[in-house]
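Have a look at the structure below, then the notes.
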């Protein structure tokens with residue numbers, strides 16, 4: 001990641017120090033501090049950053065929510081969350097210091113007086129903790145509250161403190177292009193674009209960032225990473241789980257808004273983008289947005305939608321989507337999509353990207369498979385190379401992150417017989433490092449002011465431009481039902497076989 | 001950790017075969033190795049210490065460790081493989097070769113056992129000898145030499161720095177949280193002005209770490225910074241005096257959360273971990289280039305009287 005640290009030019013003692021952590025003092029304000037996300041992810045992530053010495057020395061956390069609570073009660077809640085959800089055990093000596101930095105302010109999101117009280121409290125915290133008026137606001141609330149929170153921050157001056165102000169927003173960034181623009185206009189009334197951090201936790205995963213490193217830190221792959229050598233690319237994001245307890249949310253969302261518009265298009269952009277000049281926010285985000293601009297919108301003709309029926313996943317019998325609690329029996333919400341996508345640029349013209357994602361697939365797996373073209377001429381007898389497959393390179397993102405290269409090798413035999421072999425590299429067999437949670441990476445970046453892994457508004461809008469035409473077309477008609485535990489409806493297989501290709505079995 | 005039983009050998013040509021047999025038994029035919037680590041362990045106590053450190057770091061950095069001890073008689077080697085299970089049930093494996101030979105035979109024995117074309121680190125555990133001797137030979141095989149001035153001397157470290165191998169001092173790495181803490185005091189514009197007035201560093205800690213800290217301040221600020229020192233097992237307190245104002249960072253003995261305070265700054269807690277040997281070694285193995293800040297600090301520290 002690009003580092004944003006105190007300047008060695010003004011502080012010569014900074015020269016040569018490893019800049020892994022954040023150094024500029026700040027207060028981290030969590031709106032929706034009593035919610036699920038705050039307790040499961042945010043507080044454990046902040047705690048673990050602090051315990052590893054990565055937070056600024058002068059730092060405080062302020063929780064803001066409607067519930068009436070004292071600081072001590074909030075600290076007790078935080079402690080319980082850490083005991084339950086932190087990936088590390090609580091370090092008692094650090095906990096004391098961490099607890100002292102936790103504060104709580106009670107108020108409704110539409111209560112300007114409460115926002116003013118929050119501002120006064122923050123000023124007192126600045127004086128006590130030396131946090132110099134720097135703020136990172138995290139909106140850990142349902143998206144419907146974003147406008148009122150942001151407006152009230154603007155009305156009460158929270159957007160304009162003595163130091164810097166940044167606002168972190170969770171997806172979804174709108175429901176479609178129009179609402180995404182409305183949301184942006186609302187937020188821009190109180191914050192400039194450079195102050196806005198749109199978080200997609202998927203981009204904080206080490207494994208997703210590894211796509212970037214794999215492509216641009218190795219000289220041997222990039223020269224063949226073009227339509228000249230690549231026949232097609234397959235991106236699979238499969239979940240074995242069903243809708244679980246999120247039926248109401250999923251009915252509103254569906255597979256395109258839940259996965260394609262954000263996670264999947266971000267992975268596609270990482271795979272297809274041009275090399276940026278530097279691994280810095282603007283350079284990386286510009287290249288990703290450029291390739292999304294060259295990506296054709298999803299079309300009805302080149303997509304298949306599905307909805308899971310009943311079936312078996314890993315030996316367990318599971319109900320159909322329409323039988324899940326909270327789902328109307330006549331629901332048309334798609335839980336699966338397969339699509340053929342095209343990128344109209346010099347590098348990728350004529351090389352399709354096939355994507356598929358769905359719930360209740362046979363297993364949980366995310367992978368990118370780059371399928372290379374066959375050699376132009378095989379100087380072997382037909383019998384020798386009868387079963388020879390084209391080369392492929394598979395980047396597995398989860399689980400068992402790694403790289404697999406498929407190539408032909410001579411089988412031991414008095415005659416020439418060629419077999420296809422896979423060479424697997426598992427990241428886990430080379431590094432047993434403690435892997436930080438995606439939220440730790442992204443929260444630290446927000447505190448440091450590094451926007452590389454956050455989504456810019458133009459990227460959000462382009463993603464909606466790619467998805468909106470299909471969402472409009474899908475308003476009518478019904479998805480095809482596929483058996484839980486299968487790789488989707490039959491039409492998904494036809495989508496690719498009509499091009500003379502076939503899906504990989506991950 | 002899964003450890004394959006050690007195999008004792010007197011013919012170094014059999015070492016690779018024994019390690020390959022280990023791989024076939026436990027881990028299949030694919031291996032990932034990221035570096036060679038040559039350890040000079042002069043005593044049995046050093047060998048045990050090395051074993052414990054390797055157990056801690058081998059899982060995060062698959063490596064081949066060649067632990068060399070000078071002895072009498074012919075070359076003897078004990079080889080073994082240790083593997084750690086990752087979350088995906090894949091194994092990370094490290095190879096250990098415990099080697100005993102006459103001191104003058106050690107470098108050639110080590111050379112024959114290095115994995116080809118990987119970064120090689122030499123970790124010298126004892127005091128640094130006046131004439132360098134075997135240390136110089138092992139350093140020549142390596143890109144990086146790791147020493148600890150706390151059990152040797154800064155002057156010895158400086159001599160190692162003159163060899164054709166980048167030197168890393170574990171004492172310097174131990175100071176990293178303290179350097180970060182001291183630097184953070186002067187991040188604020190108000191305190192930054194006080195940098196021009198830094199005159200004295202009062203350090204409670206091991207003498208060589210104190211000298212390095214003062215050398216670091218002197219070299220970074222471009223002028224002499226006086227050192228006042230009280231001996232402790234670990235660094236416990238650093239006070240930087242800038243004319244009148246004083247900025248203090250301290251942690252309780254044995255604790256790892258301290259506090260920082262000083263004129264114009266708000267007192268605040270600060271994480272100052274006591275880094276154990278395996279953590280320090282792991283960090284040393286992550287360094288792949290010259291550390292010019294360390295070299296300047298060392299030169300400054302050595303240039304002044306202890």
Legend entry - Sole residue being modelled with pLDDT under 95 and over 21 Å from the mean Cα position of the chain (by Cα), chosen from A:326, A:306: A:326
Inset, instruction - Any residue in segment A:137-148 that's over 16 Å from residue A:197 (Cα atoms): show its pairings with residues that are in a strand (DSSP E or B) at Cβ separation under 9 Å, as long as the two are six or more apart or on different chains. - result: A:145/A:31; A:145/A:139
Legend entry - All strands (runs of 3 or more DSSP E) inside segment B:211-306 with 2 or more residues being free of Cβ contacts under 8 Å to residues at least 24 places away in the same chain: B:246-250, B:257-262, B:265-271
Legend entry - Subset tally (residues that are surrounded by fewer than 22 Cβ atoms within 10 Å (Cβ to Cβ) and within 30 Å of the chain's Cα centre (by Cα)) for segment A:374-395: 4
Inset, instruction - With the condition kept exactly as written, say whether any residue in segment A:255-263 is free of Cβ contacts under 8 Å to residues at least 60 places away in the same chain and part of a helix (DSSP H, G or I). - result: yes
Inset, instruction - State all residues of segment B:249-272 that are farther than 21 Å from residue A:126 by Cα and crowded, with 17+ Cβ neighbours inside 10 Å; if no residue qualifies, say none. - result: B:250, B:251, B:256, B:257, B:272
Legend entry - Candidates B:258, B:254, B:303, filtered to the one that is more than 30 Å from residue B:38 (Cα to Cα) and in contact with a strand residue (DSSP E or B) (Cβ under 9 Å, 6 or more places away or on another chain): B:258
Legend entry - residue A:93 vs. criteria out of contact with any helix residue (DSSP H, G or I) (no Cβ under 9 Å at 6 or more places or on another chain) and either in contact (Cβ under 8 Å) with a residue 60 or more places away in the chain or more than 21 Å from residue A:199 (Cα to Cα) (or both): yes
Legend entry - Count - residues of segment B:215-243 that are surrounded by fewer than 14 Cβ atoms within 10 Å (Cβ to Cβ) and within 12 Å of chain A (Cβ to nearest Cβ): 2
Inset, instruction - Restrict the check to segment A:156-171 and report whether at least one residue is buried (at least 16 other Cβ atoms within 10 Å of the Cβ), part of a helix (DSSP H, G or I) and more than 14 Å from chain B (Cβ to nearest Cβ). - result: yes
Inset, instruction - Give just the number: which of (1) in a loop (DSSP other than H, G, I, E, B); (2) at pLDDT 95 or above does residue A:90 not satisfy? - result: (2)
Inset, instruction - Mind listing whichever residues of segment A:270-302 are within 29 Å of residue A:477 (Cβ to Cβ) and within 18 Å of the chain's Cα centre (by Cα)? - result: A:292
Legend entry - Condition met for residue A:356 (touching a residue at least 24 places away in the same chain (Cβ under 8 Å), in contact with a helix residue (DSSP H, G or I) (Cβ under 9 Å, 6 or more places away or on another chain) and within 30 Å of residue A:223 (Cβ to Cβ)): yes
Inset, instruction - Kindly indicate whether residue B:282 is in contact with a helix residue (DSSP H, G or I) (Cβ under 6 Å, 6 or more places away or on another chain), within 13 Å of chain A (Cβ to nearest Cβ) and on the phi > 0 side of the Ramachandran plot. - result: no
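The values are calculated or read from the model by the stated rules, or taken from the named source; none is laboratory data. What you see is a predicted model; the values in this text were computed from it and never measured. Glycine gets a Cβ as well: all are built from the backbone with ideal geometry, and neighbour counts include every protein chain shown.
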